[in-house]
Amino acid sequence: MKKQMNIAIDGPAGAGKSTVARMVAEQLGFIYIDTGAMYRALTYAALKQQSDIQDGSDLLKLLNETDIELVKNNGKQTVTVNNKDVGEEIRLIDVTSKVSYVARHPEVREEMVKRQQILAEQGGTVMDGRDIGTAVLPDAELKVFLTASVDERAKRRHEEQLSKGQPSDLEVLKEEIRNRDKIDSERETAPLKKAEDAVEIDSTKMSIDEVVKAILSLADERRGMIR
Ligand code: DC
């Protein structure tokens, strides 16, 4: 039986979903589920195998043969593909620039959604993605749609790259973000869209702590309602 609530956090690339979701989960003692990492892991496997990322049935076959797990390694959340830790590889540009094309295929999404629903069956999760409130967990007790302007999202990414000592070009990042937004929101199956009952939080002028606080307070309200 489900004992605890599920929290769905959706929104465009770079709005701060994963940082915020991880912190909210930590505060509540919930499990954080990064669904983007699952699509990234499949993309990684497809590129390794030189699969055709335009071919949905090929990708589904590969997904069915691939063990993708969200695990904790040395206290850090990461993702494994057939037991290999690919946490770093899936954030590299090769995967980042291709993942939206992989995530577009309905057959891939159907299988991913099934896997994600199983992970949340017991409740007590904070799940972030693009279609969590609309397709994966339509009954989630709390749904948040987290946004920020393209300029702000690119700026955050730029600063993050520079702080890691990686090269970065702000204008290229803006273009990349616009492109991913476009593919993610215009695809036919489960496009990026705010669920009708989601609470929209625009984080453009908010700090991470402020966003986390706002979500925790909403969670508290909802918990009160379902007690
Ligand atoms: O959140 P992220 O940047 O790691 O997501 C990677 C890609 O996966 C993103 O371009 C959209 C896709 N995605 C999706 O279609 N549905 C999800 N639930 C999560 C991610």
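Against the conditions (1) within 16 Å of the ligand (Cβ to nearest atom); (2) in a strand (DSSP E or B), where does residue 43 fall short? Just the number, please. With (1) within 16 Å of the ligand (Cβ to nearest atom); (2) in a strand (DSSP E or B) applied to residue 43, the lone miss is (2).
Every condition in (1) modelled with pLDDT of 95 or more; (2) open to solvent by less than 70 Å² (accessible area, probe 1.4 Å); (3) among the charged types (D, E, K, R) holds for residue 197 except the one numbered (2). Against the condition in contact (Cβ under 8 Å) with a residue 12 or more places away in the chain, touching a His at 6+ places or on another chain (Cβ under 7 Å) and either open to solvent by less than 90 Å² (accessible area, probe 1.4 Å) or in a helix (DSSP H, G or I) (or both), how does residue 173 come out, does it pass? In short, yes.
Within region 162-187, the set of residues being among the basic types (Lys, Arg) and more than 16 Å from the ligand (Cβ to nearest atom) comprises 164 only. Assess whether residue 11 counts as being of a type outside the set (Asp, Glu) and surrounded by 23 or more Cβ atoms within 10 Å (Cβ to Cβ). Yes, satisfied.
The values are calculated or read from the model by the stated rules, or taken from the named source; none is laboratory data. What you see is a predicted model, and the numbers here were worked out from it, not measured in a lab. All Cβ positions, glycine included, derive from the backbone under ideal geometry; neighbour counts span all protein chains shown. These accessible areas exclude ligands, DNA and RNA; they are computed on the full protein's heavy atoms, side chains included. Shrake-Rupley method; radii C 1.70, N 1.55, O 1.52, S 1.80 Å.
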